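What follows is a short report on a single structure.
The values are calculated or read from the model by the stated rules, or taken from the named source; none is laboratory data. These numbers were taken from a predicted model, which means no experiment stands behind them. Cβ placement follows ideal geometry from the backbone for every residue including glycine, while neighbour counts extend to all protein chains displayed.
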Amino acid sequence: MAGYPQFFRVRQKFPRPRVDDVGTETHQELRKLKLAQRIKPGQSVAVTAGSRGVANIHLIIKAVVEHLKELKAKPFIVPAMGSHGGGTAEGQRAIVEGYGITEEFVGCPIRATMETVVVCQTAEGFPVHFDRFAYESDHVVVVGRVKPHTNFVGDIESGLMKMMLIGLGKHAGAKIYHRAINDYSFGQIVRSVAGIVLKKCHIAAGVGIVENGYDETAKIKAVAPEEFEARERELLVLAKEWMPRLPFKRADLLIIDEFGKNISGSGMDTNVVGRKYVDHAPAEHEWPKIKRIMVRSLTEETHGNAAGIGCAEFCSRRVIDEMDLAITKINCLTGGSPVGAMIPVHYDTEREVLDAALGTVGLVPPEQAAIQWIRNTLQVAEVECSAAYLDEARKRDDLEIVNGLHDLEFDGEGNLNGAFEPAMAH
């Protein structure tokens, strides 16, 4: 290749509502529900912990547990995730503990199982599965982040309603629900199953979490069971308003330093990279419009699960080496997305990956290519951008140029230096 463009860094200015003391806010929200009228002393309460890397999730769940103990209830944690952790109880417990949700920290037991109870049949004719430990408890408190889903569109997407299906349905439920979604729609299946769960599975409360564009807790909302759907619709509106976005609407290449289930259900948030509707191209109405995506590594927290990697066209050899192919296939097939487990074009060095990727973006010379480079799709407040964006960046009030133009640097093995790599787990 003839060469590479120079880069500069921009800092974005997003709306920044923020909860500074998440523990106190969680307690205050739960007090509004007056749970003592529903939860009696000595009763058991299952508290859900999902597989996403939600900001402050260990502190929020600790506060939920403390509040339940104030009611003299007996809380415990259930890992609420479909096929993550290789579809094993041990793997799911490890994911939860990896987020700091340990028995010692939150002050209650963790009870992990892949066993489910079949509650009943839906009107559409398939079984409703529910985590056995949660079903056998006196009450369930559903804790989860509300955000746009990476594949589905509607007034309910990813949040408390989905947690009651996919999370508490475990592997058995997740498999049948995703199959049903292919025949019906996400909205219909979510409402069908969640309606049954709310009636039959003793849901006592929900705690909805919304984050801002800086990967910070922006809002915590305690929700009564009869208000799950209405409140989640409201929280989703806020989540869409506050979600992070890339600074520029077009790119020849997007470089992503790290990728994994703790970042997004699809490893990278398709809402951020513009791949929600089509795996390898933006839909006509969708932004941003990214021609090629290159992924550099997996997060430690994803435990080898590279589900969604098939959305990228290119990756480094390091990604392939870090993948647990069996876990990745289980998760993707459970979710009904075999494309998500497909292996991108990869090379031993990132210099080779860059050369190959830039050779496929059209007539633009590599040294003039429009490239954006991010740590991950949760953290895009700062972005490395190629010189093609400099003139526009200088004119925009919502962008601050952090440093001037500089050359790409490679180590002795031909891999990229700099950018966000020092902050990565490797």
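Conditions (1) in the same structural domain as Thr377 (by TED's automatic domain parsing); (2) outside any strand (DSSP E or B); (3) of a type in the set (A, V, I, L, M); (4) farther than 30 Å from Arg11 by Cβ, marked per residue:
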residue: Ile196; (1), (2), (3), (4): no, yes, yes, yes
residue: Gly206; (1), (2), (3), (4): no, no, no, yes
residue: Ile209; (1), (2), (3), (4): no, no, yes, no
residue: Ile220; (1), (2), (3), (4): no, no, yes, no
residue: Glu229; (1), (2), (3), (4): no, yes, no, yes
residue: Leu236; (1), (2), (3), (4): no, yes, yes, no
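Kindly indicate whether any position in the stretch 141-153 is in a helix (DSSP H, G or I) and surrounded by fewer than 20 Cβ atoms within 10 Å (Cβ to Cβ). The answer is no, given that none of the residues of the stretch 141-153 is in a helix (DSSP H, G or I) and surrounded by fewer than 20 Cβ atoms within 10 Å (Cβ to Cβ).
Looking across Lys62, Lys40, Lys69, one residue alone is of a type in the set (D, E, K, R), farther than 17 Å from Asp131 by Cβ, part of a loop (DSSP other than H, G, I, E, B) and in contact (Cβ under 8 Å) with a residue 24 or more places away in the chain. It is Lys40. Within the stretch 334-354, the set of residues being touching a residue at least 40 places away in the same chain (Cβ under 8 Å) and surrounded by 15 or more Cβ atoms within 10 Å (Cβ to Cβ) comprises Thr334, Gly335, Gly336, Ser337, Gly340, Pro344, Thr349, Glu350, Arg351, Glu352, Val353, Leu354. Across the stretch 190-202, the number of residues qualifying as touching a residue at least 60 places away in the same chain (Cβ under 8 Å), surrounded by fewer than 24 Cβ atoms within 10 Å (Cβ to Cβ) and of a type in the set (A, V, I, L, M) comes to 1.
Can you say whether Arg31 is surrounded by fewer than 21 Cβ atoms within 10 Å (Cβ to Cβ) and touching a strand residue (DSSP E or B) at 6+ places or on another chain (Cβ under 6 Å), as far as the supplied structure shows? No, not satisfied. Residue count for the stretch 371-406 under the criterion of being more than 16 Å from Leu246 (Cβ to Cβ) and among the basic types (Lys, Arg): the result is 2. Here Gly267, Gly336 are screened, and the one residue that is under 26 Å from Ile57 (Cα atoms) and modelled with pLDDT under 95 is Gly267.
Arg275 meets the conditions (1) touching a residue at least 40 places away in the same chain (Cβ under 8 Å); (2) of a type outside the set (A, V, I, L, M, F, W, C); (3) closer than 22 Å to Val146 by Cβ in every case but one. The failed one is (1). Take the conditions (1) aliphatic (A, V, I, L, M); (2) buried (at least 21 other Cβ atoms within 10 Å of the Cβ); (3) farther than 27 Å from Phe76 by Cα; Ile181 misses just one of them, which is (2).
Every condition in (1) crowded, with 17+ Cβ neighbours inside 10 Å; (2) in a helix (DSSP H, G or I); (3) under 26 Å from the mean Cα position of the chain (by Cα) holds for Gln372 except the one numbered (2). Condition (residue is crowded, with 22+ Cβ neighbours inside 10 Å, modelled with pLDDT under 95 and assigned to a helix (DSSP H, G or I)) applied to the stretch 280-302: is it met by at least one residue? Yes: the stretch 280-302 contains one or more residues that are crowded, with 22+ Cβ neighbours inside 10 Å, modelled with pLDDT under 95 and assigned to a helix (DSSP H, G or I).
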